[in-house]
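Report on the following structure.
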């Protein structure tokens with residue numbers, strides 16, 4: 001029964017594929033990777049390859065397109081790349097017999113013709129960027145007043161004092177933000193293996209201070225990893241995975257966290273980073 005349902009599903013895919021499919025193997029057969037008819041084509045605007053890519057699968061297989069940030073499982077789709085340059089889109093096809101076939105498609109983006117959030121470039125550069133503590137600031141970690149301070153205003157630590165709070169995450173430690181899988185990798189200095197997870201941001205989640213001015217310009221979230229010293233010390237050093245973005249540009253980033261229910265001038269924590277040299 002399961003095979004019959006799958007065969008009917010594949011028949012529907014063939015009938016509604018982006019282009020007519022001719023001379024294909026019969027339903028139930030399997031094709032090889034060199035028989036795949038799949039393309040990834042940038043839309044050209046004013047003679048330049050834009051960051052809008054048209055994905056087309058004219059083969060009798062189910063689709064999975066891994067383009068770094070996300071995975072599309074549509075037969076045909078249009079996606080946006082968030083940084084210029086060369087990129088690989090990995091296609092995986094699922095045959096009716098359950099076997100998988102793969103093909104890498106190379107694309108080049110000349111310019112970001114179609115708008116994307118600039119924070120991708122701020123965080124990841126042209127594909128990945130390394131961030132470290134901002135030792136040029138008067139302090140780079142500590143607490144202060146929620147909605148009142150923009151950096152540690154009460155208990156403030158310099159870079160040489162951070163290992164006492166999170167071993168291996170002080171001076172010399174780093175974070176790498178990458179557009180590949182929207183990944184965040186934290187590198188330690190004490191021999192601990194690097195930890196890796198994912199990140200996302202939402203710049204619609206702004207926060208105003210008591211006077212109505214913008215205090216936080218968005219929210220950064222992480223999963224399976226935190227930023228360096230990403231803990232709430234007075235909550236049992238629990239991991240923090242959601243941060244207010246107080247400032248972010250190509251060179252510097254300031255993040256903050258407050259416990260749920262915190263009011264103005266209640267306790268907030270602050271992290272100050274800069275891009276690595």
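The values are calculated or read from the model by the stated rules, or taken from the named source; none is laboratory data. Remember, predicted model here, so these are calculated numbers, not experimental data. Backbone-built Cβ (ideal geometry, glycine too); neighbour counts: all protein chains shown.
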- Note on the structure: Among (1) surrounded by 14 or more Cβ atoms within 10 Å (Cβ to Cβ); (2) within 30 Å of residue 111 (Cα to Cα); (3) at pLDDT below 95, residue 76 falls short only on (3)
- Message: Please determine whether any residue of region 72-79 is over 17 Å from the mean Cα position of the chain (by Cα), in a loop (DSSP other than H, G, I, E, B) and over 26 Å from residue 201 (Cα atoms).
- Response: yes
- Message: Just to be sure before I move on: is residue 161 in the same structural domain as residue 268 (by TED's automatic domain parsing), surrounded by fewer than 17 Cβ atoms within 10 Å (Cβ to Cβ) and in contact with a helix residue (DSSP H, G or I) (Cβ under 7 Å, 6 or more places away or on another chain) in the structure I sent?
- Response: no
- Confirm whether residue 90 is surrounded by fewer than 19 Cβ atoms within 10 Å (Cβ to Cβ), in contact (Cβ under 8 Å) with a residue 60 or more places away in the chain and closer than 17 Å to residue 180 by Cα. no
- Would you mind finding the one in 214, 185 that is loosely packed, with under 13 Cβ neighbours inside 10 Å and either more than 25 Å from residue 126 (Cα to Cα) or out of contact with any helix residue (DSSP H, G or I) (no Cβ under 9 Å at 6 or more places or on another chain) (or both)? 214
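Of all residues in region 124-155, count the ones that are assigned to a loop (DSSP other than H, G, I, E, B), in contact with a helix residue (DSSP H, G or I) (Cβ under 8 Å, 6 or more places away or on another chain) and modelled with pLDDT of 95 or more.
2
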- Enumeration of residues in region 217-229 that are in a loop (DSSP other than H, G, I, E, B) and surrounded by 14 or more Cβ atoms within 10 Å (Cβ to Cβ): 217, 225, 226, 227, 228, 229
- Message: Checking the conditions here, which among 181, 172, 197 is outside the structural domain of residue 68 (by TED's automatic domain parsing) and in a loop (DSSP other than H, G, I, E, B)?
- Response: 172
- Item | Scope region 88-123; condition in a helix (DSSP H, G or I) and within 23 Å of residue 64 (Cβ to Cβ); matching residues | 120
